Amino acid sequence: MDNNKHGQGGHPGGHPGGHPGAAAVGPKKHIPRIISWNSTFKCDLKCAHCYMDAQERESAKELSTEEGKMLIDQIAEVSKPVLVLSGGEPLMREDIFELARYGTDKGLKMAMGTNGVGITDEVAKKILASGIKKVAISMDSSSPEIHDEFRGVPGSWQKAIDGIKASIRNGLGVQFNTTVTVQNFDDIDNILNMAESLGVKDLHLFFLVPTGRGTEVEDITPEMYETMIRQVLAKSQKTNLDVKPTCAPQYMRIAEQMGIDMSRWSRGCIAGLSYVRIYPEGEVTPCPYLPIKLGNVLETSFKDIWENSEVLNKMRDFDNLTGRCGACEYKAKCGGCRARSYGLSSDFIEACGGLHEPHELEGDYLGEEPWCPYQPKGWEA
């Protein structure tokens, strides 16, 4: 699976270039600034934490080349966001460079989330020629053995390193996507140092959201989350790397408490505000880990979904948040992870093991963030 649990991302699949800021509250103020498109189910890795449960297969329902171009047309009508091509593994899609070039020509800022194992000098040149200037590559340990075990395929660490070097050698920007788990909690400094030594400029740390294969991986505790975020933010002040926690929206609160300049960030959780995910079959969801059906671009235009979705419009009004998140003085800056709130209030987490296709609303996506230990001022449970 590409980039992380999230390839995809993703949070998105990893999100090359960082999270652009969310606009002010109000349906007319929100425009999509970054979109993750899970362009295929196919993948050549077997990551334990993968939210897609991707296999070496292709769905007959995946958007075709022409449908993919139609999706890009629909997105371009609304804004010119960063469009992250992810998967599965996007390089396993035969038309990926054609789609990337089409998006580039339409004025979208194209990026890619990949596991890196398929990037050679020739592939790096093709990626650049398609208009993609940066790729996000998964790297979950400084140890080849641990990374390979996590990714489920022997040799994947070395192939990813080779892919990173080929990318940089050919002028392609690289972002590290690292999923923080109990297994690599004490290895983060080594990963940061490795990134710098390779010439990587950006590093996004993804914190597990318990969905898909991620439910089978031992998660770190809320206290470990808090400690790790503080460590990462402190480290980011002493490195040339642009380091950003992802799927840990409380980093905004912690950064403010630490007195760190927050001008490059706007909000912890941007799902539904300036970001959405497109599933391989065309379903739009607020983020990869919040699999609520908002509509399918083959049936409803992306513009209509973005502007008129009841779920999205509720997410954009922070007064709709409940529990500690609703009472929190940081709700406009943080917002809590909507996916964790939803997942732990619905059954789809316990029913893990299969592909989590977008589904009808089942849980509370506006509840409090269960992984945040912060008690808002004046809050009484």
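The values are calculated or read from the model by the stated rules, or taken from the named source; none is laboratory data. Remember, predicted model here, so these are calculated numbers, not experimental data. With ideal geometry, Cβ positions are generated from the backbone for all residues, glycine too; neighbour counts draw on all protein chains shown. For accessibility, only protein heavy atoms count, side chains too; no ligands or nucleic acids. Shrake-Rupley method; radii C 1.70, N 1.55, O 1.52, S 1.80 Å.
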All positions within the stretch 130-155 that are touching a Leu at 6+ places or on another chain (Cβ under 9 Å), of a type outside the set (A, V, I, L, M, F, W, C) and open to solvent by 30 Å² or more (accessible area, probe 1.4 Å): K133, K134, G152
Per-region count, the stretch 280-316, residues open to solvent by less than 60 Å² (accessible area, probe 1.4 Å) and either assigned to a loop (DSSP other than H, G, I, E, B) or under 30 Å from P376 (Cβ atoms) (or both): 21
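What number of residues within the stretch 159-179 are open to solvent by 50 Å² or more (accessible area, probe 1.4 Å), at negative phi and modelled with pLDDT of 95 or more?
Let us first name the residues in the stretch 159-179 that are open to solvent by 50 Å² or more (accessible area, probe 1.4 Å), namely 159, 162, 165, 168-169, 171.
The next check asks that each one be at negative phi; those that pass are 159, 162, 165, 168-169.
Subset that is modelled with pLDDT of 95 or more: 162, 165, 168-169.
Of the residues in that region, 4 qualify.
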Which numbered condition V82 misses (of (1) open to solvent by 10 Å² or more (accessible area, probe 1.4 Å); (2) under 16 Å from the mean Cα position of the chain (by Cα); (3) farther than 21 Å from P245 by Cα): (3)
